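Reviewing the structure listed below.
Values in this text are rule-based calculations from the coordinates and carry no lab data. These figures come from a predicted structure and were not determined experimentally. A quick note on method: Cβ atoms are made from the backbone with ideal geometry, for glycine too, and the neighbour counts reach across all protein chains shown.
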Amino acid sequence: MENKKYLDDNWQNEEKLDMIPTRNGYGEGMVAAGEMNENVVALCADLTESTRTLMFKEKFPDRFIECGVSEANMVGVASGLASTGKIPFVASYAMFCPGMTWVQIRTTLCYNQQKVIIGGAHAGLSVGPDGATHQALEDIAIMRALPNMTVIVPADYHETRRAVIASLEVNSPVYLRFARENSPVFSKIDAPFEVGKSIVLRDGTDVTLIACGPMVYEALLASEILARRDISCEVINAHTIKPFDESTLLASAAKTNYVVSIEEHQIIGGLGSTVAETLGENYPVPMRRIGMNDKYGESGTADELLERYGLTAERIAQTVLSSITEERG
Amino acid sequence: MPEKNLLELEKKANQIRVDIIRSLVEAGSGHSAGPLDMADVFTAIYFGDVMKYDPKNPDWEERDRFILSNGHICPLLYATLAHAGFFPREELLSLRKLDSRLQGHPHRVALPGLETSSGPLGMGLSQAAGMAYSFLMDKKKNWVFAALSDGEHQEGNTWEAILFAGKYKLYNLTVLIDRNNIQIDGYTENVMPLESMVEKYESFNWHVQEIDGHNIESIIDAINESKAISTKPSVIICNTIPGKGVEYMERDYEWHGKPPGTKGNVGEVVEALYELRTLGGQIASEHE
Ligand SMILES: Cc1ncc(C[n+]2csc(CCOP(=O)(O)OP(=O)(O)O)c2C)c(N)n1
Ligand SMILES: [Mg+2]
């Protein structure tokens, strides 16, 4: 059974879906947040257009603060703004913020309990030709390790907008991760979104595919490929990595007894680790982590890299197939 | 410097610009403005007889070091290294492609001639300072050059390194700044003002020179002056015109991060190449 409340009616037909980058949802979400709450302000560090902070700047020029290329400073300033009642959104590429600002986030936001929403753009492999120096593949790990931090990796453009608006209700720092490239808009515009509540997109009995970000769509397509081989996949969109929705995962694992995690991130410290920790402590079943296997990325087109590192639907399906064959014979 | 040698260097700088444009157009993405505007400075460093290196032996212990801090202008470093003989020029066309040694931002272990990996701004000067410190500790003669952008002077890390080099009087360090006045969101003085760079560096105990970054003779003179100073680190603020050499790009921050044209649609790029090859009509076009 498919989740009709969530999935676009055309989700199986990629050609019929809009292709929009998740970062656009960040820009639009910020504008909506700005309209809902006049304390919302936005900061950026010389990447106003590509993080889509520009949308907010154009709408609310007096509530936009340009920081120049100074991410650590931007986070500290945001903490100060938050302490006096503002609701700051800060954005850069994920590699630079949170990449270069971890201890500022830890001390001045999380430890201080100042609510700031951090937008990490161009995360994952999809920045492509810029190469390894710009491909944030460790950001979920470093944010997830922080007490008081919420970590959200939305799956498509609509979900990013919903996540931004939902973040307003969280009374502590939030890290939102998004990607540069166009990706299919496969969720309904009014699909549900609740921070900390994973969404089962498709029921299945043989294996659980749990994914975050644009990998959710690849997981769905992989489940189609596997269905043709008589393998029934349950597909979970784990948009909130922290606080993690343990019960949705455990209920699924109890049905399938095999879990595969899929993320555009190192398999160390991200969604895969979260899943492994949850299963290990509560309901140990065999599992497999798909993601970057303790390596840096490299230059290439986004498609070439996803193919090379096994993150396309086809490659995911192959990996799932070979690992369950290995496991179950 | 004899007139003839100078003209040779100017031609070299423009050949390098031609190669930058070729590689960027072929790549279909990448940065144009910075690489083009620092071509004269890089030419002076690599071909002006001021830096010791051996392309046949890139790990030569006695080599001077060149650190590129603003990694995004690597198309220029790659073209310069190819001209200097570190690897074949044809390889420039592999820029930013899968399996290329010419990564979108420099990857030290991938390509001979690179002393560091860079991309995140503001980190190069600390490494250059560490190298300079080490050479002074060991009483070695190696010189350290570092290229920085103006935009990365908004990073705290850059100023931490400026303090450090000033404190330890790292006189074997010459920093060349691409003062092109642009960054991604606009002109530096609008985004986050940097002036007066001269007074700032002076107050951090550096030897400061400010020059025309397109006058190869003054670049070489300034480097030689920096080497004659034995009490403090040196900075040369190179005033440059972003996109230098390609008229439709010059001074426009929109060209910070775009290639000069799209692959297969190179009309205006061909025009730009002609202008560059002929030094704006001063010399006969060379076919290459
Ligand atoms: C730490 C960090 N923050 C942000 C960026 C994104 N970025 C790349 S180039 C650039 C512009 C900086 O201005 P400058 O270095 O002067 O660039 P140019 O003159 O070449 O346009 C920025 C913000 C980065 N590479 N590193
Ligand atoms: Mg600049």
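Some notes on this structure:
- Average Cα contact separation per residue, chain A, under 8 Å, 6 or more apart, as relative contact order %: 18 percent
- Ranked by the mean number of other Cβ atoms within 10 Å per residue, highest first, peptides A:143-149, B:179-185, A:60-66, A:38-44 order as B:179-185, A:38-44, A:143-149, A:60-66.
- Amide H contacts of residue A:183 (H built 1.01 Å from N, under 5 Å, at least 5 apart or other chain): A:20, A:22
- Two-site label geometry, residue A:59 and residue B:138: point separation in nm, points 7 Å out along Cα→Cβ: 5.7 nm
- Legend: mean number of C-beta atoms from other chains within 10 angstrom of residue C-beta atoms, peptide B:182-190, equals 4.
- Along its first, second and third principal axes, ordered by size, region A:58-122 spans 31, 28, 16 Å in Cα coordinates.
- Cleavage-rule hits, trypsin sites (Lys or Arg not before Pro), region A:241-329, DSSP coil, Cβ neighbours within 10 Å at most 16: A:295
- Taking region A:240-261 and a reference point 7 angstrom along Cα→Cβ of residue A:203, the backbone N atoms nearer than 15 Å belong to A:251-256.
- At most 14 other Cβ within 10 Å, DSSP loop - trypsin sites (Lys or Arg not before Pro), region B:61-144: B:108, B:139, B:140, B:141
- The tail of the calculated P(r) for region A:202-329 beyond 21 Å holds 33 percent of all Cα-Cα pairs.
- Using the Cα coordinates of region B:52-209, the gyration tensor eigenvalues translate into equivalent-ellipsoid semi-axes of 27, 22, 11 Å, sorted from longest to shortest.
- Between 0 and 90 degrees, the angle of helix B:267-277 with respect to the longest Cα principal axis of chain B falls at about 60 degrees.
- In this label model, residue B:225 and residue B:163 are separated by 2.9 nm, measuring between points 7 Å along each Cα→Cβ vector.
- Proximal lysines to residue B:258, defined as alpha-carbon separation beneath 23 angstrom and excluding residues fewer than eight positions away on the same chain: A:57, B:97, B:244
- Cα gyration tensor category, rounded, prolate or oblate, for region A:246-285 with a/c compared to 1.5: prolate
- Neighbour count of at most 13 Cβ within 10 Å plus DSSP loop: longest chymotrypsin sites (Phe, Trp or Tyr not before Pro)-free window in chain B: B:61-247
- Proximal lysines relative to residue A:59, as straight alpha-carbon distance under 23 Å, when same-chain residues fewer than 8 apart are discounted: A:86, A:115
- Using just its DSSP H runs of length 4 or more, each adding -39500 (n - 2.57), chain A gives a mean residue ellipticity at 222 nm of -10000 deg cm²/dmol after division by all residues.
- When its C-alpha radius of gyration is set against 2.2 N^0.38 Å (N residues), chain A gives a value of 0.95.
- Cleavage-rule hits (GluC sites (Glu not before Pro)) in region A:134-172: DSSP loop, at most 11 neighbouring Cβ within 10 angstrom: A:169
- Length gained on full extension, residue A:227 to residue A:327, computed as 0.36 nm times the residue gap minus the Cα-Cα distance: 34.2 nm.
- Convex hull volume per residue, computed on the Cα atoms of the protein assembly as shown, equals 165 Å³.
- Shape parameters for region B:3-286, alpha-carbon atoms, Rg then Dmax in Å: 17.7, 54
- Shape call, region A:17-184: gyration tensor on alpha carbons, a/c limit 1.5: rounded
- Amide H contacts of residue B:176 (H built 1.01 Å from N, under 5 Å, at least 5 apart or other chain): B:146, B:147, B:148, B:236
- Comparing A:51, A:278, A:160 in a Gaussian network model of chain A where C-alpha atoms under 10 Å apart are linked, the largest mean-square fluctuation is found at A:278.
- Compactness index (Cα Rg / 2.2 N^0.38 Å), region B:137-256: 1.10
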